[in-house]
Amino acid sequence: MTSTHAYAAHGATTPLGPFSFNRRSPGPNDVLIGIRYCGVCHSDLHMVKNEWGQTIYPIVPGHEIVGEILEVGSSVRAFKPGDLAGVGCMVDSCRTCPECKDGQEQYCEKGMILTYNSPDRHTGGITYGGYATHIVVDQAFALRVPLNLDLAGTAPLLCAGITTYSPLRHWGVGKGSRVGVVGLGGLGHMALKLAHAFGAHTTLFTTSAGKAEDARRLGADAVVVSKNAEEMKPYANSLDFILDTAGASHNLDLYLQLLKRDGTLCLVGLPEHGHPSPNIGTLIHKRRRLAGSLIGGIRETQEMLDFCAAHNIVSDIELIPIQKINEAYERMLKSDVRYRFVIDLGTLR
Ligand code: NAP
Ligand code: ZN
Ligand code: ZN
């Protein structure tokens, strides 16, 4: 067993604070990772505050994990001590259902095992995430981390990266596509970088006028302040695909009406109270589609990491010591993230 230092929340309204527990001894297929960096996803905040109504306390959040392999089980061939490795949102799934067989473990028919706040079949308790010094994970759910990328900037690829890469790929975004991205936070800034790398013409829709310059630097060809009706007007019926990353409830018609015939609005943001139902006529009149997407499978996550390595793409981050996590949550709630907080776990050792 590995004695592990972490940060946990003990209730929906209590701040995160120091917490210690033991990680299991690595089994034959497990790797023990010494965590170097962990990104801070808005999902961590939703979960800590029990906004999705399923949180079990104490909760140790964190699913954008990168670190160094410290130990491997006897059957592990893919990793050896000293290698870099990553862990994203899942640490296991049934591995036998059609979704798992298809490499879509996030849609596992029996339900994936989340990196935190899922039943832990090894310990009988609850899984604890990456705001911690160590993690033990089956090699099938560990990712190879490229050596040429900044390690701290790579951490957010494990959730923000794959959650935007997967739908952009699924809906065939590429040269000639006209794409919209809603919200410039952790997911949104990765969506801009990736859509730009795929060759799409990309427009950011933001509620924060002050982010326009950054958005262009990150890959946006145009920036629209979504609260300004005059700015929105010229975009009606003009986009093939919109990825909506907003973590707060808003009017979907605002974006649906920007789609061309057969265009798709894909939701990845999951606000506490959902969104008001859109106008059905807006969907019907141009055969528009409203869709959703959940992270991405392990195989596709590795593909995304390799794509980012080849195109030198990492997240733009603010590195924080774990002791600043509660402040970071406050800022994230005010849309004041540039553009992902990443925890340096060195501060917990
Ligand atoms: P984040 O860093 O806080 O960014 C969210 C951005 O949404 C904000 O920066 C803001 O950008 C925009 N926004 C906030 N309030 C808005 C409003 N009322 N209307 C329109 N836009 C608004 O959060 P994140 O980590 O990117 O996560 C975003 C959402 O995705 C969260 O709900 C999270 O739980 C979810 N998520 C889903 C998946 C999945 O698999 N589907 C995976 C990870 C995360 P501007 O200032 O530019 O407006
Ligand atoms: Zn996440
Ligand atoms: Zn399955």
At a threshold of 8 angstrom on Cα-Cα distance, excluding pairs fewer than six apart, so keeping six or more, what relative contact order does the range 1-90 reach in percent?
30 percent
Length gain on complete extension for the stretch Thr123 to Ser25, per 0.36 nm per residue less the alpha carbon to alpha carbon distance?
34.2 nm
Footprinting exposure proxy for Leu45, Leu204, Leu265 (fewest neighbouring C-beta atoms within 10 Å first):
Leu45, Leu265, Leu204
12 Å cut-off, amide nitrogen to a point 7 angstrom out along Asp336 Cα→Cβ, residues in the range 3-30
none
Which value at 222 nm does the chain reach when only helices count, each DSSP H run of 4 or more adding -39,500 (n - 2.57), with the total divided by all residues and rounded to the nearest 500 deg cm²/dmol?
-6000 deg cm²/dmol
Only bridges with both residues in the chain count here: give the DSSP antiparallel percent, nearest 5.
55 percent
GluC sites (Glu not before Pro) lying in DSSP loop within the range 248-349, provided at most 15 other Cβ fall within 10 Å:
Glu272
Starting from the Cα gyration tensor of the range 243-334, take the square roots of the eigenvalues, sort them a ≥ b ≥ c, and report rounded, prolate or oblate (rounded when a/c is under 1.5, otherwise prolate if a/b is larger than b/c, else oblate).
oblate
If you filter the range 187-277 for trypsin sites (Lys or Arg not before Pro), then keep DSSP loop positions with at most 14 other Cβ within 10 Å, what is left?
Lys227
How long is the gain from Lys80 to Ala12 if the chain were fully straight, where each residue apart is worth 0.36 nm and the alpha carbon distance is subtracted?
20.6 nm
I want to verify a result. In a Gaussian network model of the chain, Cα cutoff 10 Å, which of these has the top mean-square fluctuation: Ser293, Ser25, Ser226?
Ser25
The summed charge of the Ala197 Cβ neighbourhood (under 12 Å; Lys/Arg +1, Asp/Glu -1) stands at +3
For Lys324, give me every one of the lysines with a C-alpha distance below 19 angstrom, ignoring sequence neighbours fewer than eight places off in its own chain.
Lys49, Lys334
Take the chain, connect every pair of alpha-carbon atoms lying under 10 Å apart with a spring to form a Gaussian network, then pick out the residue of Cys97, Cys308, Cys89 with the largest mean-square fluctuation.
Cys97
Put a dot 7 Å past each Cα toward the Cβ at Arg287 and Arg144; how far apart are the dots in nm?
4.2 nm
Averaging sequence separations of C-alpha pairs under 8 Å and six or more residues apart, then dividing by the length of the range 167-222, give the relative contact order as a whole percent.
37 percent
At a Förster radius of 25 Å, what calculated FRET efficiency corresponds to the Cβ-Cβ distance of Glu109 and Ser277, to the nearest 0.05?
0.35
Test of understanding: in a Gaussian network model of the chain with alpha carbons linked when under 10 Å, which of Gln139, Gln106, Gln54 would top the mean-square fluctuation ranking?
Gln54
Want the number for Gln323 to His311: 0.36 nm per residue separation, take away the alpha-carbon distance, what's left?
1.0 nm
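Laboratory data are not the source of any read-out in this text; all were calculated from the coordinates shown. Remember, predicted model here, so these are calculated numbers, not experimental data. As a convention, Cβ positions derive from the backbone with ideal geometry for all residues, glycine included, and neighbour counts pool all protein chains shown.
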